[in-house]
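Note sheet for the following structure.
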């Protein structure tokens, strides 16, 4: 009897949440018919993270939900410390669930003597105690190779496509805002039976871009600009002007990660965009919540199903599509 109770305890699922996106973590737990495990994350007076895991995790399968969005450094530090605490508390397996992977855009040496910060973060996550990583829409798929532990890389595509299929009307074209997003645009277009177009973009400095040329036909069509994230929305709003000048009937946008830093929301509000559809990998700031053009969908069911499959050692590959 005692042995049976111990076996049951060791197989228990534990969901922990950092402070970055507790609402998403709660929705994930709800879909899994469980609750968020108890932990206290506060700050000492000098700003250091003060963490206390209050639930027993010995021998448990633990999932830590923590997006590493703004403030990225604070959220990463919370994640590192929580992973270390769980490792020292003898959790059987620790999975870092990172809906948005901060520093992902620094995935190569863009200039001499530049760091590859995305690789640095991967090393720190592993060193802190993660046994595997679950992420959504990494900026570059090859970031999976930066880790020496298993990575389950999901896509926000099923969530976005489900919404688009209900709302799309008329002739549609999926637009990639740069050459790097062509594969993503092609995958969306195939599932929506739409055509694709590409905007040739040249970047002069970080967070600055200029749209130059349009490849493809958008005249008289409903254009949907597709990207993995929206940061300052400079690229996005320039793309809108380019598409409308080439005869697009109307322009909407879709992105998994609503980074929305700096003037992003103001630019979206002042633009001719019909709608911007994003997910809740990152919580919307107050200004974005009040913007009627921004619609947020939840990825909680997708993440919950992935967590369930990982916990039960089932295949996760069908969720990658």
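Structure notes:
- Matching residues, region 36-49, being touching a residue at least 12 places away in the same chain (Cβ under 8 Å) and either assigned to a strand (DSSP E or B) or within 14 Å of residue 304 (Cα to Cα) (or both): 36, 39, 40, 41, 49
- The condition of being surrounded by fewer than 15 Cβ atoms within 10 Å (Cβ to Cβ) and in contact (Cβ under 8 Å) with a residue 12 or more places away in the chain holds for residue 142.
Condition check ((1) on the phi < 0 side of the Ramachandran plot; (2) touching a helix residue (DSSP H, G or I) at 6+ places or on another chain (Cβ under 8 Å)) across all residues:
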position	(1), (2)
223	yes, yes
233	no, yes
253	yes, yes
286	yes, no
290	yes, no
313	no, no
318	yes, no
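- Test: residue in region 79-98 that is out of contact with any helix residue (DSSP H, G or I) (no Cβ under 8 Å at 6 or more places or on another chain), surrounded by 17 or more Cβ atoms within 10 Å (Cβ to Cβ) and under 21 Å from residue 312 (Cα atoms): yes
- Flag if residue 265 is touching a strand residue (DSSP E or B) at 6+ places or on another chain (Cβ under 6 Å) and buried (at least 16 other Cβ atoms within 10 Å of the Cβ): no
- Qualifying residue in region 268-275 (condition: surrounded by fewer than 15 Cβ atoms within 10 Å (Cβ to Cβ) and in contact with a strand residue (DSSP E or B) (Cβ under 8 Å, 6 or more places away or on another chain)): yes
- Here residue 214 meets each of (1) at pLDDT below 95; (2) out of contact with any helix residue (DSSP H, G or I) (no Cβ under 8 Å at 6 or more places or on another chain) with one exception, condition (2).
- So residue 307, is it in a helix (DSSP H, G or I) and surrounded by 14 or more Cβ atoms within 10 Å (Cβ to Cβ): yes
The values are calculated or read from the model by the stated rules, or taken from the named source; none is laboratory data. Computed from a prediction, not measured in an experiment: that's the story for all the values here. No Cβ is skipped: glycine too gets one built from the backbone with ideal geometry, and neighbour counts run over all protein chains shown.
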